[in-house]
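What follows is a short report on a single structure.
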Amino acid sequence: MSTVTDWSLDPRVRRVLSGLPLPIKLPTPLHRDNSPQASLQGYRAGLTRLQDDLDLTLAQILLARGAAVAVVDRHAKPAFASQIRQAGGQVTAPAGDLAATFAGVAARGDRRPLLVVHRMVAPPDISVAELPSAASMDGLFEAGQAAALGPKLSRMVVVADVATQPTVGQQVAIEAAAGMLRSLHKELGPQGGTCHLVRAAGADTGAVAELVAYLLGGASAFLTGLDLLAAPSRGPDTAPSGRVALVTGAARGIGAAIATRLALDGLQVWINDVPQAQAAAQTTVTAIVAAGGKAQFVAADCSSEAGAAAIAQALQPGGRVDVIVHNAGITRDRTLKRLALAQWRQVLAVNLSAMQRVQRALAPLQQPGGSVVMLSSVMGIAGNFGQTNYTASKAGVIALCKAWSQAWAEQGVRCNAIAPGFIVTEMTAQVPLFNREMAKQLTALLQPGLPEDVAALAAFLASPASRALSGQVLRCDGGMAFGA
Ligand code: NAD
């Protein structure tokens, strides 16, 4: 784990400050679990439906990961209910509304965080005029309230079915759910709680269940407010052996954390960085090897043709690359009136064009079922004072990710972008103190992320567990207000 952290999470500082009338809010420390199969032991899971295969698979995966599962559904399918009971879960009809039912358990002294999984299935004949009194909207309200009333660190995922040709009523219902969750994540954040929307659009039930389990687990503790489309899988549901990964800009910071995490997951990792970063890269390689992983350093400027060719040459003898993480990035912050053309070009070259150069050079080695992860930034979505070059490059990454995802559909290669918010690294150590504190206060979880948070997300995107995702932009930002 990273040694970097934030003063507001230091227990001694918190003890001193907790009694003082401060103008700022202190965050709730998160429970992170970055182990490859993050356990849900110590959590209660409340599901609001048990009527079809997806409901059953969701309940089963949460039970398998160790959560105490309770399904509250008056219309639960009896055959499914007996399967869940046999596996150790409960299936009941609601006593009052859902929030009251879940809160009733907590009132009896159970302070385990609550994981609410709400399946939202809007019937085709739903009309906008009927929405306010529709069962699907009441269910959304009650499930959300259950999460809001739950103990600290409670989480929620709404799984909304997307019909192939949705009616206007169905479209409006889903967008209303998305709007509700954009607000709810701000209410849950100070308590360390999170919520997300998964739009299930033809994805297989196992893939949706693995995505939901990830969003409820400790590996995604810093993610909140995501709105994801789960589409039919492109790759296998288990990883082939002997996978090889390349991570650019991996000598330090987020890249080093990603490389370390992928090596822990059993991938053979190539760490790329500029020759000047040799010492830091070697430290990362040594740490990975000492922990039993496989890593090698390839020194190259990934923004040049020669550098991309050098990377391809290093990987060539192995004959394959399964995972490519385009992470190398730089800032050259200046207001546009002071920015030199060279600084504009340099940032676009490293943060954006390098991805295409490296990708082209590695195309002959790219394996079907593989995964490409690109580092964008929340600032690429929102814009930021003094960062015209950086935000141009990071917005370009999002467009490139979507284009690649479409182009590679036939080859079975997935491509997703991560948009980190404020992550504690050497890059953000340069941000003035006041701006850093403001950024935290404008974040739902009231705290910065760690390189390990981005690494856990990259590892998930690299794994078959995320096979329902491609062309998605995943904010790793603790729910930043910017660009929301
Ligand atoms: P960092 O500066 O700590 O590390 C970046 C690494 O990239 C360095 O090791 C650097 O030597 C390497 N690099 C730079 N140019 C290169 C080149 N031409 N070829 C090969 N390597 C090169 O940065 P970080 O904070 O770890 O950020 C990693 C990525 O995440 C970047 O793309 C950054 O824009 C993005 N990001 C970071 C944050 C944050 O809060 N730290 C927020 C949003 C996005």
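Within 10 Å, Cβ to Cβ, of G479, how many net charges do the neighbouring residues add up to if Lys/Arg are +1 and Asp/Glu are -1?
Counting the neighbours of G479, the net charge comes to +2.
Fully extended, how many nm does the chain gain between D53 and D10 (0.36 nm per residue separation, minus their Cα-Cα distance)?
11.0 nm
Could you list which residues have their amide H under 5 Å from that of A45, counting only those 5 or more apart in sequence or on another chain, with H placed in the peptide plane?
Answer set, sorted by chain and number: A68, V69, A70, L115.
Which ³J(HN,Hα) values in Hz, rounded to whole numbers, follow from the phi angles of the stretch 240-245 under the Karplus curve 6.51 cos²θ - 1.76 cosθ + 1.60, where θ = phi - 60° and Gly and Pro get x?
Working through the residues one at a time gives x, 7, x, 5, 10, 10 Hz.
Projected area of the stretch 244-476, taken from the Cα convex hull and averaged over every viewing direction, in nm²?
12.4
Checking the a/c ratio against 1.5 first, then a/b against b/c, what shape does the Cα gyration tensor give for the stretch 126-218?
Cα axes put the stretch 126-218 in the oblate bin.
What are the principal axis extents of the Cα atoms in the stretch 39-230, in Å, biggest first?
Projected onto its principal axes, the Cα set of the stretch 39-230 covers 42, 40, 32 Å.
Under the rule of at least 5 residues apart or a separate chain, name every residue whose amide H is placed under 5 Å from the amide H of L229.
The list, which skips near neighbours in sequence, is R199.
Listing D301, D138 from the residue with the fewest other Cβ atoms within 10 Å to the one with the most, what is the order?
Lowest count first: D138, D301.
In which sequence would S154, S405 go, from the one with the fewest C-beta neighbours within 10 Å to the one with the most?
S405, S154
Each label point is 7 Å from the Cα along the Cα-to-Cβ direction; what then is the distance between the points at T92 and L149, in nm?
With each label point 7 Å from Cα toward Cβ, the separation is 1.3 nm.
With only alpha-carbon atoms counted, please give the Rg and Dmax of the stretch 57-169, in Å.
My reading of the Cα-based Rg and Dmax gives 15.0, 46 Å.
Tell me the mean residue ellipticity at 222 nm calculated for the chain from its helices only (DSSP H runs of n ≥ 4, each -39500 (n - 2.57), averaged over every residue, nearest 500).
That calculation yields -12000 deg cm²/dmol at 222 nm.
Go ahead and collect, in residue order, the members of the stretch 246-264 whose backbone nitrogen is under 17 Å from a label point 7 Å along the Cα-Cβ direction of A287.
Under 17 Å, as judged by backbone N against the label point of A287, lie 247-264 of the stretch 246-264.
When all alpha-carbon pairs of the chain are counted, what percent fall beyond 40 Å?
The proportion of pairs with Cα distances above 40 Å equals 21 percent.
Would you mind computing, in nm to one decimal, how far apart the modelled labels at T335 and A135 are, each placed 7 Å from Cα along Cα→Cβ?
5.9
Length gain on complete extension for the stretch K25 to A429, per 0.36 nm per residue less the alpha carbon to alpha carbon distance?
Contour length minus the Cα-Cα distance gives 143.3 nm.
If a paramagnetic tag sat 7 Å from the Cα of S127 along the Cα-Cβ line, which residues of the stretch 149-177 would have the backbone N under 17 Å from that point?
167-173
Determine, for R44, R32, the number of other Cβ atoms within 10 Å of each Cβ, and report the residues in order from fewest to most.
Result, fewest neighbours first: R32, R44.
No value in this document is a laboratory result; all are computed from the given coordinates. Model, not experiment: these values are computed from the prediction. Note that we place each Cβ from the backbone using ideal geometry, even for glycine, and neighbour counts take in every protein chain shown.
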